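Peer 1: Provided herewith is a single structure, encoded as structure tokens, for subsequent inquiry.
The values are calculated or read from the model by the stated rules, or taken from the named source; none is laboratory data. Everything numeric in this text was worked out from a predicted model, so none of it was measured. Because the Cβ atoms are built from the backbone with ideal geometry, glycine has one as well, and the counts that use them run over all protein chains shown.
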């Protein structure tokens, strides 16, 4: 095969409509969600999504740090999306770069749209996302993990937030791009859906799409989110599958 | 405030239990928590391991890149150890630049790897004075339930022991090859709780501790590094007996680092 750094575009779509990993255009990568794997956090979730591995934890409602961010009428939602140095092929310098800060901001704003923050004035709900292994779609995997972690922490919300990215590979609209498709693809459109209202609370886009393609991409994304929504609810049910409260013992 | 009061009550309780030879989780003074190591947990790393030490969870990834040797060691490779105590892992960690605690963990782990000569740095050199492998050991703490130094060390050394040098990818050899790990150092940490000294402290025991001593040993029975931490003191006889205890725990921890349970 080609040497290191060769710019050869791999075959992203076969004539039969199969993608680089054999998926169809509207097919998600395998997703496994575990609710509550961490002991220190108030809520947590681990998501393996294709070759992504993402851990999320929620602390709070608790005191606001730094203090000046405190709001008198509601909780502030602070999000920190961070990538481990070993999560990508070329070692990433530890710490938040501009990309991570932007992603942290749009994820925090997505959650502000669904969390009943006014129930907890003068507190902070801290959402931490650590990407341990990255393979395209980490902001959506992180958002899904964080949403399950928020539910695991017992934070009241309008709904869970399933998220997925839709892209364009070899001229075709495709659901849930993996790394090679993202690198050589023509567009990327991550979104997060409030299933109850059918509205989007995270939406970004980069690349080239016609209005018709964009319209189909939105439909495909919403359909993908619906599948992920089911997996998120199942993960939360599994968390307490073997738990029985000792009635009256407390 | 209420958190601090609760912590004080817990500290008093930990010390009270220790006085009667007991621990919060029911262990004896010299019982190490269950250790499990999952090598190869991170596919994007050249070597990796996920370590569980009781409820403490730590991931480590090794990355190798080509770089320039330091001018004063033109024939040696470069080794860098870094620990991230991210706020996800504990309610006591806050976002921001690395805290002294994180720096201590990475420096203590780094020192043991170097002193034990776990990897022969001269073998990382490709062209003296010009080109060498730079080996990064990055430790990411995920769940802080105490004794991060031992967990970070196990994760780091296990990731090294399972690492591949990406020589083909970087175009300096025909094929990738396993990183040669010649010694396997492990750390064993103790804390003083009143008159007793317990191994492998939990988070609550660390809060109550009146001194902490970490002893790194290798498979030859050598002591390769030590670090006394927290407020408190140890007598020379304490140190002698803790070295013996650290050596006794070492082989089992090394077996875990090679991959498997202990």
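Peer 1: Scan the stretch B:225-238 residue by residue and report those that are assigned to a helix (DSSP H, G or I) and surrounded by 15 or more Cβ atoms within 10 Å (Cβ to Cβ).
Peer 2: Residue satisfying the conditions is B:238 alone.
Peer 1: If you check B:71, B:97, which single one turns out to be at pLDDT below 95, at the interface with another protein chain (Cβ under 10 Å from one of its Cβ atoms) and more than 26 Å from residue B:217 (Cβ to Cβ)?
Peer 2: Answer to the check: B:97.
Peer 1: Additional query: Quick one: which of A:160, A:177, A:143 is outside any strand (DSSP E or B), in contact (Cβ under 8 Å) with a residue 12 or more places away in the chain, out of contact with any strand residue (DSSP E or B) (no Cβ under 8 Å at 6 or more places or on another chain) and under 27 Å from residue A:23 (Cα atoms)?
Peer 2: Testing whether each residue is outside any strand (DSSP E or B), in contact (Cβ under 8 Å) with a residue 12 or more places away in the chain, out of contact with any strand residue (DSSP E or B) (no Cβ under 8 Å at 6 or more places or on another chain) and under 27 Å from residue A:23 (Cα atoms) leaves just A:160.
Peer 1: Related question: I'm trying to understand the selection: among the residues of the stretch A:54-84, which are surrounded by 22 or more Cβ atoms within 10 Å (Cβ to Cβ) and within 7 Å of another protein chain (Cβ to nearest Cβ)?
Peer 2: A:55, A:57, A:59, A:82, A:84
Peer 1: In the stretch A:81-113, what count of residues is obtained for those that are outside any helix (DSSP H, G or I) and either out of contact with any strand residue (DSSP E or B) (no Cβ under 7 Å at 6 or more places or on another chain) or farther than 21 Å from residue A:162 by Cα (or both)?
Peer 2: Selection size over the stretch A:81-113: 14.
Peer 1: Can you find, within the stretch A:23-49, the residue that is farthest from residue A:88 (Cα to Cα) among those that are part of a loop (DSSP other than H, G, I, E, B) and within 11 Å of another protein chain (Cβ to nearest Cβ)?
Peer 2: A:42
Peer 1: Right, something else. Please go through the stretch A:116-130 and give me each residue that is surrounded by fewer than 24 Cβ atoms within 10 Å (Cβ to Cβ) and not in a loop (DSSP other than H, G, I, E, B), ordered by number.
Peer 2: Of everything in the stretch A:116-130, those that are surrounded by fewer than 24 Cβ atoms within 10 Å (Cβ to Cβ) and not in a loop (DSSP other than H, G, I, E, B) turn out to be A:117, A:118, A:119, A:124.
Peer 1: Still on this structure: Does residue B:106 satisfy the criteria of being in a loop (DSSP other than H, G, I, E, B), within 14 Å of another protein chain (Cβ to nearest Cβ), in contact (Cβ under 8 Å) with a residue 12 or more places away in the chain and in contact with a strand residue (DSSP E or B) (Cβ under 9 Å, 6 or more places away or on another chain)?
Peer 2: No, not satisfied.
Peer 1: Output the number of residues of the stretch A:86-103 satisfying the condition of being more than 10 Å from chain B (Cβ to nearest Cβ) and either crowded, with 18+ Cβ neighbours inside 10 Å or touching a residue at least 24 places away in the same chain (Cβ under 8 Å) (or both).
Peer 2: Of the residues in that region, 2 qualify.
Peer 1: Being in contact with a strand residue (DSSP E or B) (Cβ under 6 Å, 6 or more places away or on another chain) and either over 29 Å from residue A:92 (Cβ atoms) or without any contact (Cβ under 8 Å) to a residue 60 or more places away in the chain (or both) is the requirement here; does residue A:202 meet it?
Peer 2: When the stated conditions are applied, residue A:202 does not pass them.
Peer 1: Only one of (1) under 19 Å from residue B:13 (Cβ atoms); (2) in a helix (DSSP H, G or I) fails for residue B:246. Which number is that?
Peer 2: (1)
Peer 1: Could you list all residues from the stretch B:53-68 that are closer than 22 Å to residue B:131 by Cα and more than 7 Å from chain A (Cβ to nearest Cβ)?
Peer 2: Within the stretch B:53-68, B:62, B:64, B:66, B:67, B:68 meet the criteria.
Peer 1: From the set of residues in the stretch B:1-23 that are more than 30 Å from residue A:64 (Cα to Cα) and assigned to a loop (DSSP other than H, G, I, E, B), which is farthest from the chain's Cα centre (by Cα)?
Peer 2: Filtering the stretch B:1-23 for residues that are more than 30 Å from residue A:64 (Cα to Cα) and assigned to a loop (DSSP other than H, G, I, E, B), the one farthest from the chain's Cα centre (by Cα) comes out as B:20.
Peer 1: Do we have residue A:222 as more than 18 Å from residue A:107 (Cβ to Cβ) and at pLDDT below 95 here?
Peer 2: no
Peer 1: In the stretch A:60-78, what residues are at pLDDT 95 or above, assigned to a strand (DSSP E or B) and more than 19 Å from residue B:97 (Cβ to Cβ)?
Peer 2: Passing the criteria: A:61, A:62, A:76, A:77.
Peer 1: Tell me which residues, restricted to the stretch B:113-165, are within 19 Å of residue B:253 (Cβ to Cβ), in a loop (DSSP other than H, G, I, E, B) and more than 14 Å from chain A (Cβ to nearest Cβ).
Peer 2: B:116, B:117, B:118
Peer 1: If the requirement is being in contact (Cβ under 8 Å) with a residue 24 or more places away in the chain, crowded, with 24+ Cβ neighbours inside 10 Å and in contact with a strand residue (DSSP E or B) (Cβ under 6 Å, 6 or more places away or on another chain), which of these qualifies: B:126, B:165, B:139?
Peer 2: Checking each option against the conditions leaves just B:139.
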